[in-house]
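Undergrad: Take a look at the following structure, please.
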Amino acid sequence: MQLDLHVPRFDWAGSPAGIGPGVAGLARRAEALGVRTLSFMDHFFQMDWMAPAEDPMLEGYTALGFVAGHTERLRLRLLVTGVTYRYPGVLAKTVTTLDVVSGGRAELGIGAAWYEREHRGLGVPFPPVAERFERLEETIQICRQMWSDDNGVYQGKHYRLEETICSPPPVSTPRPRILIGGSGERKTLRLVAQYADACNIFGGPPEVAHKVDVLRRHCETIGRDPNEIEVTAMYRDLPPDATTDDVVRGAEALAEVGVSTLVTGAVGDDPAGWLESTFGPAMDRIAAIEPARR
């Protein structure tokens, strides 16, 4: 079982001048601990259900490029890119650039987008949800085409690209991995089954087990082995006094329903210290956990 780190807030780092050193230090300490992937949100305003919208929020790909320069092994992604924020060809170029400069450590995390306030605030179009899912599927198709040998035309309902040139190509082989975020049973998990290398699911073991079962049925419909898809699940709501045994038992419960990667968060005013004290003593035991096959 793997451990990833998600960083959804930056107020812990203090003033704007302290955010860069704070993020760099957190990334280096996470890498030293054995964390596999570091992710940021793709938001322009902080989520107003979590903290004031005015709280600090970094542009995700710029921040990942900064982390790439301060680390050697950490994989890098957004959890997840909002499909509405960038033209698909530009998005593919952005992720490719991150992959090239990081030596093949970039992943594409992507979803249908939802935060209407920041769209309206910064003048970004916010189509109805059905159209956003159509655009999500076309965007994934465009990225896959740009990461292939096909430099030709892409013609979809919402996007037309006359030349899908992407040079230099990604360092990742055969392309950067694609994670689709969200747990919608009819649309999102169908797209996961059809296109993704990984998914991200919220909830405890019963909820995750149900979603994994839905994903398995979508895979059966299209003839894909569901074990090809990495299931990641959020794992950050631990009690303050959680012991190492508590942490491992929670990981085991998620592994039993098919989760292969835990995604914990940057918790508290000293997220690196929290990560080290909470997960450091458990890392070897977590790494030894085998997720159930689906």
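Undergrad: Just a yes or no: is a residue in region 169-183 closer than 25 Å to V231 by Cα, touching a Pro at 6+ places or on another chain (Cβ under 9 Å), touching a residue at least 40 places away in the same chain (Cβ under 8 Å) and not β-branched (V, I, T)?
TA: Yes.
Undergrad: So the check is Cβ under 6 Å with 6+ separation or different chains; which pairs have a first residue in region 109-126 that's touching a residue at least 12 places away in the same chain (Cβ under 8 Å) and at positive phi and a second one that's surrounded by 14 or more Cβ atoms within 10 Å (Cβ to Cβ) and in a loop (DSSP other than H, G, I, E, B)?
TA: Pairs found: A113/V83; A113/T84.
Undergrad: What do you reckon, is D48 more than 25 Å from I178 (Cβ to Cβ), free of Cβ contacts under 8 Å to residues at least 60 places away in the same chain and of a type in the set (D, E)?
TA: So D48 fails the test.
Undergrad: Still on this model: From the list G268, G280, G250, which residue is at pLDDT below 95 and either of a type in the set (F, W, Y) or closer than 29 Å to R28 by Cβ (or both)?
TA: G268
Undergrad: Hey, could you check region 117-174 for residues that are part of a loop (DSSP other than H, G, I, E, B) and charged (D, E, K, R) and say which is nearest to R75 (Cα to Cα)?
TA: Looking at residues that are part of a loop (DSSP other than H, G, I, E, B) and charged (D, E, K, R), I get D149.
Undergrad: Now a separate question. So, in region 246-270, of the ones that are in contact (Cβ under 8 Å) with a residue 40 or more places away in the chain and of a type in the set (D, E), which residue ends up nearest to L179 (Cα to Cα)?
TA: Checked region 246-270; the qualifying residue nearest to L179 (Cα to Cα) is E256.
Matching residues to (1) without any contact (Cβ under 8 Å) to a residue 24 or more places away in the chain; (2) farther than 29 Å from H70 by Cα:
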position	(1), (2)
G103	no, no
T139	no, yes
C143	no, no
W147	no, no
E162	yes, yes
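Undergrad: Something else: State which residue is nearest to T94 (Cα to Cα) when the search covers only region 48-66 and only residues that are over 15 Å from the mean Cα position of the chain (by Cα) and either acidic (D, E) or surrounded by 18 or more Cβ atoms within 10 Å (Cβ to Cβ) (or both).
TA: L58
A quick yes/no check of all residues on (1) buried (at least 22 other Cβ atoms within 10 Å of the Cβ); (2) not aliphatic (A, V, I, L, M):
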{"position": "G82", "(1), (2)": "yes, yes"}
{"position": "L98", "(1), (2)": "yes, no"}
{"position": "G109", "(1), (2)": "yes, yes"}
{"position": "F126", "(1), (2)": "no, yes"}
{"position": "T164", "(1), (2)": "no, yes"}
{"position": "V171", "(1), (2)": "no, no"}
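The values are calculated or read from the model by the stated rules, or taken from the named source; none is laboratory data. Note that the coordinates shown come from a computational prediction; the quantities given were computed from them, not determined experimentally. Virtual Cβ from ideal backbone geometry, glycine too; neighbours counted across all protein chains shown.
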